[in-house]
């Protein structure tokens, strides 16, 4: 009976760990923007500033494009790239034809070609201020997550762009919690199983003491 109990503990523990892979930060700097001044990121153009714990994109009156970028290496066990984004618009600016749009791009740092993208486009995530969304990522509320397991171990160039259109609106975007989740390493899995097994042993021992 005791042997069967340990087997059940190990099986349940393995299933639990595999279904709830821990989230860790990869070789990505300041993804939660907790370090002031957009440390680790580069503002390539336009109006991107430190919003106090997030990156604030604001439509620029001259430069149509406001861009924030970072180059980093995805870990060997990379699973998902995710981030939180919130867009808001107020009346203002010129009014002609196209809407303001926020885009996320994952590019090859050497060729700047897309590594993952919407079919026929460069970006993998596109949201404009009319609410139109086109993406190959998974979206849940303000959270966006992209499967990057096929790119594990590669250098990538991540870019977030706010493109101001002549739609009579001034748009701003708040970006936060940019991170990469990874599959737990075998060592972490083993430690987790040992921990769950220990808890099960202690619980079994207490039950025996109570019965006696």
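What follows is calculated from the coordinates using simple rules that are stated; it is not laboratory data. Here the structure is a predicted model, which means the values were calculated and not measured. Cβ sites come from the backbone with ideal geometry, for glycine too, and all protein chains shown count toward neighbours.
Based on the mean of other beta carbon atoms within 10 Å per residue, what is the order of 129-137, 156-164, 44-52, 174-182, most packed first? Mind showing how you got there, number by number?
Working: 129-137: 14.4, 156-164: 22.9, 44-52: 16.3, 174-182: 20.7.
Descending mean neighbour count gives 156-164, 174-182, 44-52, 129-137.
How far is the Cα center of segment 132-169 from the Cα center of segment 25-74, in Å?
If you average the Cα positions of each part, the centres end up 14 Å apart.
For segment 95-138, what value does the Rg/Rh ratio take when both radii are computed over Cα atoms and Rh is the Kirkwood radius, given to two decimals? Show your work: numbers first, answer last.
On the way: Rg = 11.9 Å, Rh = 11.3 Å.
Result: Rg/Rh = 1.05.
Taking all pairs of distinct Cα atoms, average 1/r, flip it, and tell me the Kirkwood hydrodynamic radius of segment 105-184 in Å to one decimal place. Don't skip to the answer; put the middle values down first.
Working: mean 1/r = 0.0701 Å⁻¹.
That comes to 14.3 Å for segment 105-184.
With the cut-off at 21 Å, report for segment 23-183 the share of all Cα pairs above it, as a whole percent.
Working: 5576 of 12880 pairs.
So the pairs more than 21 Å apart make up 43 percent of the total in segment 23-183.
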